[in-house]
Amino acid sequence: MHILILKYLQSDILLTQERITNYKELVSVMNTMYESGFINFSDFMENKALLQSEEQNLNNLLNDYESKKNEIRILINDKDYEFTDSNYEFSIPKFYVNLDNSADIILNRPDIKSQISNLNAAIYNLNSTKASAYPTIQISGSLSKALLSPNGITDLAYQILSSLTLPLFSRMEIYENIKISDYTRLEAYYTLEKAIYTALSEIENAIYALNANKNTLNTSLQMLEDNEEILSTLKQSYELGLIDFSEYIQAINSHLSMMKNNNASYFNTISATIYLYRSIGGNKNDIRKNDE
């Protein structure tokens with residue numbers, strides 16, 4: 001995800017630099033026109049303000065870019081790592097999340113697996129505690145001797161009675177342990193239930209976010225394609241002298257702004273795909289290659 005953010009910032013910086021170059025040319029031309037009396041001061045300052053705003057935006061992007069590079073250097077433990085500053089062509093991930101086996105997807109999440117293990121351990125501990133409440137009969141000596149001896153039957157009965165009654169002295173403590181173990185079991189159960197509801201909510205939100213971002217991206221791509229045709233027509237008009245330099249440059253910068261928005265739509269769609277993948281536990285068996 002860090003690399004994806006870095007690539008997004010790189011693309012945004014390059015497009016912003018193009019817009020600044022165009023604005024500088026425009027301000028230079030507008031300054032000449034202002035000094036010649038062809039435009040008023042407010043028109044000149046309006047374009048100069050656009051240039052200053054874009055330069056401030058570039059400074060913010062560069063700061064974010066350097067901060068992100070330093071974060072990555074810390075993650076990879078290489079403070080001298082160099083990054084390639086080049087334009088990045090965004091594309092949709094060539095896989096989709098398989099939601100056919102929704103129950104398996106939930107159970108494959110690491111947090112759900114952990115809570116299931118906790119519940120199993122709590123149930124086992126409760127059963128073990130309950131088992132300790134049952135007495136264990138221990139008899140020593142030979143049964144044949146006990147039957148032949150005058151006091152043998154009495155001794156045998158005493159041993160059995162002692163085995164049955166001795167655990168009664170600690171029965172209160174055992175019952176308290178059973179209550180504690182049962183509470184622990186209930187707590188583990190409700191924790192698992194909450195984890196399942198949370199997982200379902202995360203997956204549902206991730207699916208909704210992905211679909212919404214895909215729709216936004218499709219709209220953005222269509223708008224960009226339409227604007228390319230408009231820009232091509234404006235270029236021909238400018239070369240024929242039908243429109244002035246100012247109008248043409250502003251059209252170019254408007255197109256660059258749409259390209260930035262398009263990159264943002266790509267970034268959001270890819271991020272939503274990654275979020276959905278994480279929400280199912282990051283299990284590669286739950287994804288399928290998208291051949292479309």
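Contour minus end-to-end for residue 42 and residue 18, with contour as 0.36 nm per residue of separation and end-to-end as the Cα-Cα distance?
My answer for the length gained is 6.2 nm.
Using the per-residue mean of other Cβ atoms lying within 10 Å as a proxy for protection, in what order, highest first, do the peptides 112-119, 227-234 fall?
Details: 112-119: 16.1, 227-234: 13.6.
Order by mean packing, descending: 112-119, 227-234.
For segment 1-89, how many pairs of lysine residues have a Cα-Cα distance under 13 Å, where the two are 8 or more positions apart or belong to different chains?
Count of close lysine pairs: 5.
Using the Cβ atoms and a cut-off under 10 Å, what net charge is assigned to the surroundings of residue 278, where Lys and Arg are +1 and Asp and Glu are -1?
Computed value for this residue: 0.
For residue 28, what is the net charge nearby, where nearby means another residue's Cβ is under 13 Å from its Cβ and Lys, Arg count +1, Asp, Glu -1?
0
Where nothing but the Cβ of Lys and Arg (+1) and of Asp and Glu (-1) is charged, how large is the charge dipole of segment 169-274 around its Cα centre, in debye to the nearest 20?
440
Would you please name the chymotrypsin sites (Phe, Trp or Tyr not before Pro) within segment 7-63 that are DSSP coil residues with at most 15 other C-beta atoms within 10 Å of their C-beta?
Counting only loop positions with at most 15 other Cβ atoms within 10 Å, the chymotrypsin sites (Phe, Trp or Tyr not before Pro) in segment 7-63 are 38.
Counting Lys +1, Arg +1, Asp -1, Glu -1, what net charge surrounds residue 72 among other residues with beta carbon under 12 Å of its beta carbon?
Charge balance near residue 72 sits at +1.
No value in this document is a laboratory result; all are computed from the given coordinates. This is a predicted model, so every value here is computed, not measured. Virtual Cβ from ideal backbone geometry, glycine too; neighbours counted across all protein chains shown.
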